[in-house]
Each structure stands twice: as C-alpha cells, then as structure tokens.
C-alpha cells in the first residue's frame, strides 16, 4: 500500500491479518503507479495490493484491473473520497476489484458514518454481505468469519436524504471551488503555489501545493495568525505514526516531499466568498 494515505488504510489491512509493506507514491498523481509496481522486487511475496485515491483524485480502474489480471494478485481500491467523482463521471467499475468508499461526515457525500463497497463480481458481493453480518447470509450459519459491520438505520436514512439533495450539494462544492479560483485571479500578487479543487480532487478538499515544505509551513503560520485553520491531512505518511513505524518500507522520496507541501485549506458548502477572499489574501 502507499504510505501517503490516512492511517485507516493500514489499520484495515492489519485487522485482516496482513503484514503491511509501504510503497512510495508517484510525484504527479500522489498515488501508486500500477506500471511501476509490476517491477517491484517483493511482488512474489504480495498477497494483496491496496491503491489509494488521495483526496478523491480520479482512479484509473482499468489499469488496476489489468494489473491484477497480469499478476494474479488481488487488489482492493481505497477510494474513500471518490463518490462525487464516481457519481458525476459515470466511470465503469473494474470487473473483479472491490472499491471502498467512505460516507463519513467529512466527505462530499456524507451521512455521519459508514461506507460503501462497490463490486461487480456477484460472489464478492455475497462475501461482502456475509463479512459485515457475522458471516451469516440467508441462514444462522456463519460460513466465513465476520463482524457486525452494518450501517445503522439512522445513518442509512441520513444517506438517503443526502442522495435526494446531492445535486444541489454538488453544485455548492463547485461554487466553493470557483470562488477560490476567482479570489486568486482577482489578486495582483501571484499565488506562490498551486491550488487543487474539484474536479481534480473531491469537492470536500481544497489543497494548496506549495513549492517547498518551508513555503507550506510559512503559509500555515500566516493563516494561523489570521485565525484560519489548516491541515496536513495525511501527516508525514503512515510510517511516521508510532503505531506503524515498524512496518517495512521502500525509499519514500516522493512521500517525504509531498507530505510537507500539500496543505489542506478550509472547504465546506457554506463557505462564503468573503471568507475565501480572507483565506487567499493570507495565503498570498
């Protein structure tokens, strides 16, 4: 799995009994590259690959399907923040790869807690049902080990309501992104970095890519002095957390670089143009 991701990726794999090995990400996509991974020297020891879509960036599902077809290694895609992209791009799911999506309240499509497992393979769908229902399906016999992973009825009801109004909410996410870019273009000074908004990332994120880690820290300090919160969403990578510091890793050149330069800015549906102007002014 990539080391540049939220710690839940590693936690989920370890809960299933896997020993995690952390791989560096591509500098441009911020994600694993299936073509590069085909040459990895530990491929013969690999039982599962978990690509991650950082900040909901679009995923090349078909390239990962080709990877698993060629290697025979199962793939599960952590597409936690990708639901808004998937709903609007009409992307085709991979034939045999499960795609995990988060419905946490921080995501563009959120209902508090819960998630989706999107699967084309009917057998995997049945295994998924069993796994989140104590191993039961159509009987009280546990066919596989399972747990109570079902969504609460309350959160499911919130999700249905979210679905009813999601077109309107999606429009608001796009308006926030447009307001950020408008605020940048109205300034005489040049933004000393790049601003990532939807559709390049999920609508719930605005990511400032600074030229260097030092520039990112300076920007964070300026914003903090103005009372504006920021976040390095993935910290310095999984390997930097004490709970996962023992994991084996590849050299992590790109991870170390990106983790210090990608700074999350405020982003929510009722963020006003005035507030966005304050943020951009402080950033510049």
**OP:** Residues in segment 105-125, backbone N under 19 Å from the label point at residue 148 (7 Å along the Cα-to-beta-carbon vector): list them, ranges by number please.
**Re:** 113-115
Original post:
Kirkwood Rh over Cα pairs of segment 8-164 into Stokes-Einstein at 37 °C, 0.692 mPa s: D in µm²/s?
Top reply: 194
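Normalised by the residues of the chain, what does the relative contact order come to in percent, with Cα pairs under 8 Å and at least six apart?
Values: 481 pairs, mean separation 55.4, N = 284.
So the answer I get is 20 percent.
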Subject >> Using alpha-carbon coordinates, inclination of helix 273-283 to the longest axis of the chain, degrees >> reply: 80
Subject >> Cα Rg, Dmax, segment 93-240, angstrom units >> reply: 20.7, 68
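Please give the contour-minus-distance gain from residue 93 to residue 15: 0.36 nm per residue of separation, less the Cα-Cα distance, rounded to one decimal in nm.
The span from residue 93 to residue 15 would gain 25.5 nm if fully extended.
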Original post:
Counting pairs of Cα atoms in the chain, how many percent are more than 28 Å apart?
Top reply: 42
Original post:
Considering only DSSP beta bridges with both partners in the chain, what is the antiparallel share in %, to the nearest 5?
Top reply: 65
Original post:
Relative contact order, percent, of segment 8-164 when contacts are C-alpha pairs under 8 Å separated by at least 6 residues?
Top reply: 13
**OP:** Enter the angle in degrees (range 0 to 90, nearest 10) between the Cα long axis of helix 61-71 and the first principal axis of the Cα atoms of the chain, meaning the one along which they spread out most.
**Re:** 40
Subject >> For segment 134-178 versus segment 224-284, the gap between their alpha-carbon centres in whole angstrom >> reply: 27
Original post:
Is segment 1-49 best put as rounded, prolate or oblate by its Cα gyration tensor, with a ≥ b ≥ c the root eigenvalues, rounded for a/c under 1.5, and otherwise prolate when a/b is larger than b/c, oblate when not?
Top reply: oblate
**OP:** Sort 108-117, 142-151 for me by packing, meaning the mean count of neighbouring Cβ atoms within 10 Å per residue, highest on top.
**Re:** 108-117, 142-151
Original post:
How many percent of all Cα-Cα pairs in segment 30-118 sit more than 22 Å apart?
Top reply: 27
**OP:** When you have a sec, figure out the Kirkwood radius of segment 168-283 from all distinct Cα pair distances and drop it here in Å to one decimal?
**Re:** 15.2
Subject >> Inter-site label distance for residue 190 and residue 134 at 7 Å from Cα along Cβ, in nm >> reply: 6.4
**OP:** Return a whole-number percent for the relative contact order of segment 1-100, with Cα pairs under 8 Å and 6 or more residues apart as the contact set.
**Re:** 25
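Say R0 is 30 Å: what FRET efficiency, to the nearest 0.05, do residue 38 and residue 7 get from their beta-carbon distance?
Given R0 = 30 Å and the Cβ-Cβ separation, E is 0.65.
Where a number appears in this text, it was derived from the coordinates with a stated rule and is not lab data. As the structure is a computational prediction, the values presented were derived from the model and not from experiment. Virtual Cβ from ideal backbone geometry, glycine too; neighbours counted across all protein chains shown.
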